[in-house]
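Read the structure below first, then the notes.
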C-alpha cells in the first residue's frame, strides 16, 4: 500500500512543481524527486531554505491561482474610482 501511495504522489509531484506542506507554510519549489521524497527549496524573507519531505506531507499547489502582487494591489488602491455613470 505504501508503494502505491508513493507511485501516485510521484506521478503528481515533479521537479518544478510548487508545493506546500499539508499542514501549511510557505510555497516551495520541488527541485528533484526520488523514492517517496521531494527535495524542495523556498525563501523566508531573503534567506533560502531547503529540505527533503515525504510526498505524503506535501500538497501540489502548482495549478492553484496565485495571489495578486503587491504592485497590482497598490495600483488598484491608487487608481481613481470607476463609476458607471457617463
Kindly indicate the residue of the stretch 36-60 that is touching a helix residue (DSSP H, G or I) at 6+ places or on another chain (Cβ under 8 Å) and surrounded by 14 or more Cβ atoms within 10 Å (Cβ to Cβ) and also farthest from residue 20 (Cα to Cα) among those meeting that condition.
36
Residues of the stretch 20-35 satisfying the condition of being surrounded by 11 or more Cβ atoms within 10 Å (Cβ to Cβ) and assigned to a strand (DSSP E or B):
20, 21, 28, 29, 30, 31, 32, 33
For the list (1) surrounded by fewer than 10 Cβ atoms within 10 Å (Cβ to Cβ); (2) at pLDDT 60 or above; (3) more than 14 Å from the chain's Cα centre (by Cα), I need the number of the one condition that residue 63 fails.
(3)
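The values are calculated or read from the model by the stated rules, or taken from the named source; none is laboratory data. Worth saying up front: this structure is predicted, and the values here are computed from it rather than measured. We place every Cβ from the backbone using ideal geometry, glycine too, and count neighbours over all the protein chains shown.
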